[in-house]
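Step one of this worksheet: look at the structure below.
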Amino acid sequence: MDETEIQSITNMTLSDLEALCISMGEPVYRAKQMLFWIYDKGATAFGQMSNLSKNFQKQIAGQYQVFQTKVSTITQTAYGTEKYLIHLPDENVIECVLLREGKKITACVSTQVGCAMACQFCASGLLGMERDLTTSEIVEQALHIKSHLLPEERLTNIVFMGIGEPLMNYDNVIRAVRIMNAEWGLGIGARHITISTVGVIDGIRRLAHEGLQVNLAISLHAPNDIIRSEIIPSNKKTGIKNLVATAREYFEITRRDISFEYLLIEGVNASKHDAESLTRLLKGLQCNINVLPVNPVEEFHRRPPSQETIETFCSTLEKHGLVVTLRKKKGSHINAACGQLRLQRENISGRKLYGKAKNILLNTWVIL
C-alpha cells in the first residue's frame, strides 16, 4: 500500500477519531456521530452525514475517506449464500462471503491478498502471496455485506476464514476484531467472532493473552504429521503435536473451547483408523470437531468418502467422547471456496491453472 494514499475512517477506533476531531477543531462528539453514520446507517461518504457541518464535511473529506474498497461482483445460490468480489485501492481483488442459516447471518472475510500457506485443499494461495490487508480493508468487507442484507436481516457473526492466514496478519486482524466487536462499531459479540488458523503457533499464543472471548478454529485435517504435512506444507515446521499442545495452552488461559476443522478426503484421512488416531491426539482437550467432506472436483483424483465412511468416522469420534458437527456445503455452486472467484477474475484458464497447481483441491469448503 502507498503510504501517501488517503486513509479510511474504517481504520480508526473511537479514540483515534476523537483525537482527529480535536486536531481539526471539532468537538469530540463528532467522532461518535461519524461512527454512527458508518456502522449503523451505512454511510459511504461524509456528504451523507447530515449532522456534520458542510465546512467540516469538506475539511475531513480532503484528508480522509469513508471507504477505500468497492464491490465488483456478487454471485448467489439458492441457499442464500452470496460471494462478493472486492476491489482494493491498488487494483488487487479479494473475496468475502455472506452465509445465511436461519437467523444466523455470517460474514466470512479475507485477511490477505493471496496466501503463503499453500494448503492442498484451498485455492487461496494459487496466485501466491501479495500482501496483508489493512484493517480498513478487512472491516469494509463486513460493511459491504451488511449494506446488502434484507431489511429484516441483521449481521450476527464474523468468521475470519476467507483468503489468507489471519494470524500472519495479526495486528491488523486484531484491530479489525476490536472494531467489529465495539459498541460504536459493528457491535458483534466476541463469542460470535471466529478466527481460523492453519496453525500459527506464535499467533495462537498471542491471541490467548488478548482478553478477547473470540472463537479459535484450527484447520487440523489430519491425525498425524505424515498426512498433515502432505496436505498442509507449513506443518513440516510446526508439527501436529506441538500445535495441539499450543491449543491446550490456549484453552487453559482462555477457558474457551477450541474448534478443529477436519476436511474428509477419501483414501487420505477418513478411515476408522484415522478417527481413532485423532481421538488419541485430542484426548482430554475440550474441543469440538467440525467435519466436512471435500467437494468432488473432476480434474483431480481427490474425492469425498462414501456416506458410510463419513458416518463411521464421525461415530468413532463420538464414541470416544468428542463433540462432532458434520457441516453442510453451501458455497460450491458459486465457487465459494476461498480464492476461486479471485482466480476467475485474474483470467487464469482451467487448463493453465491445473498445470500450475497440480494436486491442489479446488472448490472445497465453507465453514458456517
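The values are calculated or read from the model by the stated rules, or taken from the named source; none is laboratory data. Keep in mind it's a predicted model, so treat the numbers as computed, not measured. Because the Cβ atoms are built from the backbone with ideal geometry, glycine has one as well, and the counts that use them run over all protein chains shown. Side chains are part of the model used for accessible areas, which takes the heavy atoms of the whole protein and leaves out ligands, DNA and RNA. Shrake-Rupley method; radii C 1.70, N 1.55, O 1.52, S 1.80 Å.
Quick notes on this structure:
- Residue check for Ile195: in a loop (DSSP other than H, G, I, E, B), open to solvent by less than 10 Å² (accessible area, probe 1.4 Å) and not polar (S, T, N, Q): no
- At least 2 residues being within 24 Å of Val177 (Cβ to Cβ) and open to solvent by less than 20 Å² (accessible area, probe 1.4 Å) is the threshold, and among the strands (runs of 3 or more DSSP E) wholly inside segment 11-103 those reaching it are 82-87, 93-101.
- Residues within segment 144-166 that are open to solvent by less than 10 Å² (accessible area, probe 1.4 Å) and assigned to a helix (DSSP H, G or I), tallied: 2
- Candidates are the residues of segment 1-10 that are open to solvent by 60 Å² or more (accessible area, probe 1.4 Å) and β-branched (Val, Ile, Thr); the one that is farthest from the chain's Cα centre (by Cα) is Thr4.
- Only one of Glu261, Glu165, Glu266, Glu230 that is closer than 23 Å to Cys314 by Cα, of a type in the set (D, E, K, R) and under 17 Å from the mean Cα position of the chain (by Cα): Glu261
- Candidate set from segment 106-122 (those that are more than 14 Å from the chain's Cα centre (by Cα) and among the aliphatic types (A, V, I, L, M)); member that is surrounded by the fewest Cβ atoms within 10 Å (Cβ to Cβ): Ala116
- Residues that are surrounded by fewer than 20 Cβ atoms within 10 Å (Cβ to Cβ) and in contact with a helix residue (DSSP H, G or I) (Cβ under 8 Å, 6 or more places away or on another chain), drawn from segment 176-187: Ala182, Trp184, Gly187
- Selection over segment 255-279 of residues that are surrounded by fewer than 21 Cβ atoms within 10 Å (Cβ to Cβ), in contact with a helix residue (DSSP H, G or I) (Cβ under 8 Å, 6 or more places away or on another chain) and among the hydroxyl-bearing types (Ser, Thr, Tyr) gives a count of 2.
- Here is the figure for segment 34-80: residues that are among the hydroxyl-bearing types (Ser, Thr, Tyr) and either free of Cβ contacts under 8 Å to residues at least 12 places away in the same chain or more than 22 Å from Glu140 (Cα to Cα) (or both) total 4.
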